[in-house]
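In what follows, a single structure is set out as structure tokens and then discussed.
The values are calculated or read from the model by the stated rules, or taken from the named source; none is laboratory data. What you see is a predicted model; the values in this text were computed from it and never measured. Counting neighbours? That spans all protein chains shown, and the Cβs are built from the backbone with ideal geometry, glycine included.
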Amino acid sequence: MFFNNSCCSTILLFMNKINAAITGVGAYVPEYILTNDEISKMVDTSDEWIMTRIGIKERRILKKKGLGSSDMGTKAVINLLEKTNTLPSEIDLLICSTVTPDMQFPATANIISDKVGIKNAFSFDLNAGCSGFLFGMSTAAKFVESGNYKKVVLVGTDKMSSIVDYTDRSVSPIFGDGAGAVLFEPTNENVGVIDEILHTDGAGRVHLHQKAGGSVKPASHETVDAREHFVYQEGRHVFKHAVMGMADVAIEIMKKHKLTVEDIDWLVPHQANMRIIDATARRMGLKRNKVMINIEKYGNTTAGTLPLLLWEWENKLKKNDNLIFATFGAGFTWGTIFLKWAY
Ligand code: UT7
């Protein structure tokens, strides 16, 4: 007899532990490319300013009238189901992270489920600003780890162009439209979501929000005239908190799991500003060749950002790769997830 009883039960528990693994990625970006040169014709800015201060060259815009976040999310989910040979009827739950829902209610998740033909699932929206997809990963993982749900879709989709004021030079270059989706499934292998550190500080809401259109200030002629249905951001203040927040949690999770720079295969950071991404990587001790970056061509797509990165890097990822996700966004919300790639 090598093991005593408690040792045996610990090993059994470990063997039976259900982890939530990402088993596929889908995405969609609209065709229309909004360049810095075109933005320079709308507001007093330049390609040089945008490239040096933010690091964005172009972004995608969903142009056609009558289309919203659900249309991009639907395309991303269909792409995901096709790639993973999954039938809509097999999905147990669909979570949609967004700050630009099709409408106040019902949830965009329900609209996506309907458009995709997902009939045997329940669905709901989750709003955590630019950390929406990260918080969604945590939520999706919990449902899978419970053992009650086998196939959970998490979609991040944002039509940021619907809330960007294209007469405001401090906001208009930053955002783009796009969507991505991942499938979470249970596994007994030591892959998938390993750990997380998530934070919110509601006091930060004053620095980044949309002033009107909610229950406090419903839409009126006055709110439209005052241009209060757009993103309001105090950039410098948010920048300072984003640099600290993202790097602090990423370093904390590295320390907690005794991960060295060599152990980390990829940093998957939110793409709000190239200088924030560089500062986070620098504090973690990572070189740029281990950082997923797509800000130059898509800008900040809010909840779409993380899955768009995974979609583009999918071919480079290997089973057991260690990924550190890190985000910061409106709320304030910020956090990190340590995930082992499953395929
Ligand atoms: O994803 C959600 C979380 N959001 C973020 O993480 C965003 C964090 N913030 C940022 O990325 C940056 O603060 C911005 C990109 C928004 C702004 O860059 P900045 O280097 O912080 O610029 P600033 O706001 O301090 O403004 C510096 C100057 C100002 O002129 P004065 O007052 O110094 O004369 C602005 O008026 O740059 C001016 N400026 C511009 N100039 C040319 C602001 N926007 C522009 C522009 N083109 N587009």
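List of remarks:
- On the stretch given as the range 108-130, residues that are more than 17 Å from Met72 (Cα to Cα), in contact with a Phe, Trp or Tyr (Cβ under 6 Å, 6 or more places away or on another chain) and assigned to a helix (DSSP H, G or I) total 0.
- Test: residue in the range 66-77 that is in contact with a strand residue (DSSP E or B) (Cβ under 7 Å, 6 or more places away or on another chain), free of Cβ contacts under 8 Å to residues at least 40 places away in the same chain and closer than 22 Å to Val171 by Cα: no
- Tally of residues being assigned to a loop (DSSP other than H, G, I, E, B) and within 14 Å of Asp71 (Cα to Cα) across the range 81-102: 4
- Residues that are within 16 Å of the ligand (Cβ to nearest atom), outside any helix (DSSP H, G or I) and either at pLDDT below 95 or of a type outside the set (Asp, Glu) (or both) are absent from the range 8-20 altogether.
- With respect to the conditions (1) touching a helix residue (DSSP H, G or I) at 6+ places or on another chain (Cβ under 6 Å); (2) away from the ligand (no atom under 16 Å from the Cβ), Met246 lacks only one, and its number is (2).
- Residue check for Gly129: at positive phi, within 16 Å of the ligand (Cβ to nearest atom) and crowded, with 24+ Cβ neighbours inside 10 Å: yes
- Whichever residue in the range 283-296 is crowded, with 17+ Cβ neighbours inside 10 Å and either over 29 Å from Gly73 (Cα atoms) or over 14 Å from the mean Cα position of the chain (by Cα) (or both) and, among such residues, is farthest from the ligand (Cβ to nearest atom): Leu286
- Number of the condition not met by Thr52 [criteria: (1) buried (at least 18 other Cβ atoms within 10 Å of the Cβ); (2) within 16 Å of the ligand (Cβ to nearest atom)]: (1)
- Listed by first and then second residue, the pairs linking a residue in the range 231-253 that is within 15 Å of Phe325 (Cα to Cα) to a residue that is near the ligand (Cβ under 8 Å from one of its atoms), with Cβ atoms under 6 Å apart and 6 or more places separating them unless they lie on different chains, are Ala242/Ile276; Ala242/Phe328; Val243/Ile276; Gly245/Phe328; Met246/Phe328.
- Test: Ile324 is in a strand (DSSP E or B) and either buried (at least 17 other Cβ atoms within 10 Å of the Cβ) or within 14 Å of the ligand (Cβ to nearest atom) (or both): yes
Yes/no matrix, rows are residues, columns are (1) assigned by TED's automatic domain parsing to the domain that holds Leu308; (2) in a helix (DSSP H, G or I):
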position	(1), (2)
Ser161	no, yes
Val171	no, no
Ala203	yes, yes
His209	yes, no
Glu222	yes, yes
Tyr232	yes, no
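- Residue identified as in contact (Cβ under 8 Å) with a residue 40 or more places away in the chain, in contact with a Leu (Cβ under 7 Å, 6 or more places away or on another chain) and within 21 Å of Ile54 (Cα to Cα) among Gly178, Gly136: Gly178
- Here the condition is being part of a helix (DSSP H, G or I), at pLDDT 95 or above and of a type outside the set (A, V, I, L, M, F, W, C); of Asp44, Asp71, it holds for Asp71 alone.
- Qualifying residue in the range 272-282 (condition: under 10 Å from the mean Cα position of the chain (by Cα), within 11 Å of the ligand (Cβ to nearest atom) and closer than 26 Å to Glu234 by Cα): no
- Residue identified as crowded, with 24+ Cβ neighbours inside 10 Å, in contact with a Lys or Arg (Cβ under 6 Å, 6 or more places away or on another chain), modelled with pLDDT of 95 or more and within 24 Å of Asp158 (Cβ to Cβ) among Gly299, Gly304, Gly335, Gly329: Gly299
- Check on Phe105, under 24 Å from Gln210 (Cα atoms) and either under 17 Å from the mean Cα position of the chain (by Cα) or in a helix (DSSP H, G or I) (or both): no
- Residue count for the range 163-190, restricted to those that are surrounded by 19 or more Cβ atoms within 10 Å (Cβ to Cβ) and of a type outside the set (Asp, Glu): 15
- Among (1) within 16 Å of the ligand (Cβ to nearest atom); (2) at negative phi, the one test that Phe124 misses: (1)
- Extreme residue, farthest from the ligand (Cβ to nearest atom), among residues of the range 33-45 that are surrounded by 15 or more Cβ atoms within 10 Å (Cβ to Cβ) and among the hydroxyl-bearing types (Ser, Thr, Tyr): Ser40
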